[in-house]
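Read through the structure below, which is laid out as structure tokens, and then see the notes.
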Amino acid sequence: MPDSCEYTAGPWATALAVSNYKAEEVSTIMVNDQAATRQAIITALKKKGYSLVERSSWQAKPPTGTLNPGWDYTDIVIHHAGHSYSCAINTQGAIKQIRQAQEYDMGKMDDIGYHYAVSCPGDIFEARDVRFEGSHVKGDNTGKLGIVLLENLAEAGEAWQQEYRKKSIWDKLRGSLDIARDAVAYDRESPTQAQISALAALIETVQEYFHITKLGGHREYQLLAPGNEGRACPGKFGMQVVKQMRSRFSLAVPSK
């Protein structure tokens, strides 16, 4: 498909050729063409059996402001959508979810914060254009590619244990509604096999075009970011997926 007209992308800072890892299917991309790399990722996913649902296809809203350029990704950060999401049963349901995620994020930022989203049925969505830095780890997004799993993967009480327990009294009072909701949130789900397979295909593809060395959950990265804040995301069951993917692709744990 043609490149989205929502953005004006600048050139890369350096000149380098990136090749697909399979010798018989070499895709050479010059680093002064980020749009071609975005398209190459889409093409590579299609060869693996996944048609990326591009922003135009799920009718994403254009960013409300100027996004920071982003590239040279070295880390993959896994998120879950949280308590207000349950597994979609089909692509149309998943489209509603990613629209909801963008609507929520744009209440406090210029666009959806993640770069990709993966639904329970195994759909892979383009979220924020990969040419732009994400907004998914507070205070530390440079070089970090964000992927969100579109369901709740946390057990009841995880937000208290991981996030609110160590906060000030004032912050606890401000978050009292979230704390109360979290305490009775028994709507957690486990990732589906279709979702895990799609996530693995996405990670494998991203590794073909970026020098990815580390993979972790949002909670791991947020503890390393300025402020050292706790996060429940991606939940207990999301962290199981994180460890599975880290082992499968021989990636390191997050570090400064």
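The values are calculated or read from the model by the stated rules, or taken from the named source; none is laboratory data. A quick note: this is a predicted structure, and the numbers were derived from the prediction, not measured. Please note: Cβ atoms are built from the backbone with ideal geometry, for glycine as well, and neighbour counts cover all protein chains shown. What goes into the accessible areas is simple: the full protein's heavy atoms, side chains included, and nothing from ligands, DNA or RNA. Shrake-Rupley method; radii C 1.70, N 1.55, O 1.52, S 1.80 Å.
Observations, loosely collected:
- Pairs where the first residue, in region 240-256, is over 14 Å from residue 203 (Cβ atoms) and the second is open to solvent by 80 Å² or more (accessible area, probe 1.4 Å) and of a type outside the set (D, E, K, R), C-beta under 9 Å, 6+ apart: 254/223
- Count of residues meeting criterion [closer than 18 Å to residue 200 by Cα and either modelled with pLDDT under 95 or not basic (Lys, Arg) (or both)] in region 214-239: 8
- Each residue in region 239-256 was checked for being assigned to a helix (DSSP H, G or I) and open to solvent by 40 Å² or more (accessible area, probe 1.4 Å), and 5 of them qualify.
- Within region 218-238, considering residues that are among the aliphatic types (A, V, I, L, M) and touching a residue at least 40 places away in the same chain (Cβ under 8 Å), the one most open to solvent (accessible area, probe 1.4 Å): 224
- Qualifying residue in region 156-174 (condition: closer than 19 Å to residue 118 by Cβ and either modelled with pLDDT under 95 or under 20 Å from the mean Cα position of the chain (by Cα) (or both)): no
- Members of region 57-93 that are out of contact with any Leu (no Cβ under 6 Å at 6 or more places or on another chain), under 23 Å from residue 217 (Cβ atoms), aliphatic (A, V, I, L, M) and buried (at least 21 other Cβ atoms within 10 Å of the Cβ): 77, 78
- Per-region count, region 114-125, residues among the small types (Gly, Ala, Ser) and either surrounded by fewer than 24 Cβ atoms within 10 Å (Cβ to Cβ) or over 13 Å from the mean Cα position of the chain (by Cα) (or both): 1
- Pairs are defined by a Cβ separation below 6 Å, a sequence spacing of at least 6 or placement on different chains, a first member in region 116-133 that is under 13 Å from residue 38 (Cα atoms), and a second member that is among the hydroxyl-bearing types (Ser, Thr, Tyr); the pairs so defined are 127/114; 127/116; 129/7.
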